[in-house]
1. Beyond 20 Å between alpha-carbons counts as too far, so tell me which of K14/K49; K64/K226; K15/K172 fall in that bin.
2. Determine which lysines satisfy two conditions relative to K29: a Cα distance under 19 Å, and not lying fewer than 8 residues away in the same chain.
3. Would you mind estimating how fast region 46-96 diffuses translationally, via Stokes-Einstein at 4 °C and 1.567 mPa s with the Kirkwood radius over Cα pairs, in µm²/s?
4. With a ≥ b ≥ c taken as the square roots of the eigenvalues of the C-alpha gyration tensor of region 11-69, please select rounded if a/c is under 1.5 and otherwise prolate if a/b is larger than b/c or oblate if it is not?
5. Based only on the alpha carbon positions, what is the Kirkwood hydrodynamic radius of the chain, in angstrom?
6. Determine the principal axes of the Cα atoms in region 1-146, then give the extent along each, sorted from largest to smallest and rounded to whole angstroms.
7. By per-residue mean of other Cβ atoms within 10 Å, what is the highest-first order of 135-141, 115-121?
8. With no solvent and one point on each alpha carbon, what is the Debye value of log10 I(q)/I(0) for region 89-197 at q = 0.11, 0.15 Å⁻¹?
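The values are calculated or read from the model by the stated rules, or taken from the named source; none is laboratory data. This is a predicted model, so every value here is computed, not measured. Here the Cβ positions follow ideal geometry from the backbone for every residue, glycine too, while neighbour counts run over all protein chains shown. Protein only, heavy atoms only, side chains kept; ligands, DNA and RNA dropped before computing areas. Shrake-Rupley method; radii C 1.70, N 1.55, O 1.52, S 1.80 Å.
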Amino acid sequence: MIIIKTEEQIQKMKKAGELLAQVHREIAKMIRPGITTMEIDRFVEEYLKERGAYPEQKGYQGYKYAICASINDEICHGYPREEAMKDGDIVTIDMVVNLDGWLADSAWSYGVGNISEEAQKLLDVTKKSLYLGIEQAVIGNRLGDIGHAIQSYVEPLGFSVVRNFVGHGIGKDMHEDPQVLHYGIPGRGLRLSEGMVITIEPMINVGSYHSKVDNNGWTARTIDGKLSAQYEHTIAITKDGPLVLTEQGE
Ligand code: MF3
Ligand code: CO
């Protein structure tokens, strides 16, 4: 069941989204060789707590951390760890902020120090694919239009779209209907209407789109060990077009 949000509720989610965007801007300043993702996890938890917010992922279905931190071949749901990140790594930090009971969800990939040309291209293409998807998030379009915009941009460039993890509706719950696939056929799927709030969160791989999950039951990584990146925003479908609730600005 899709839960349509009122303008007032969307404004509450935007407050959570603005705080989440602020956290990502802070993380961008922290990322360098030598920092650990556990330090970032602790920072996020503290930063949110000081502002009366909560990292919704912590405690969600037994997940123990404030953030997911997925390094290099990890696609998503990487555990924060005490090991320092190295020059040339890429890392995706994903989190869900709960502010006054309303949620916002955003993941961002970062390069650590000097990264390879291939890694930089992956980050650029993945981010661009997110915004191409967002452009399609307008009243009257269908979910397939979003997926198609992403897939038809990414694949000709030689990258692949992860199939096993998808975007979702969001509101007072982290995962609501509908599922938002990052591949698809234009004109197919659910029609978008005013007041829907969804995430678009393409995970894009250098190699094959196939993934496997670690023994911890959470962390998904590429089967070929090649790099994966992800950018995610929370977006409201409004009369005035897509409203990105987690926009970081320049
Ligand atoms: N933020 C993720 C998403 O985009 C969900 C993370 S799963 C959790 O859907 F367990 F870490 F919360
Ligand atoms: Co997320």
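1. Numbers: K14/K49 18 Å; K64/K226 26 Å; K15/K172 13 Å.
Over 20 Å Cα-Cα: K64/K226.
2. Candidates past the 8-residue exclusion: K86, K127.
3. Details: Rh = 12.0 Å.
Taking Rh from Cα pairs, D becomes 108 µm²/s.
4. Working: a/c = 2.12, a/b = 1.21, b/c = 1.75.
Here region 11-69 falls in the oblate category.
5. On the way: mean 1/r = 0.0560 Å⁻¹.
Evaluated on the chain, it is 17.9 Å.
6. 45, 36, 26
7. Working: 135-141: 17.3, 115-121: 14.0.
Per-residue Cβ counts within 10 Å, averaged per peptide and sorted highest first, yield 135-141, 115-121.
8. Reported log10 I(q)/I(0), two decimals: -0.40, -0.72.
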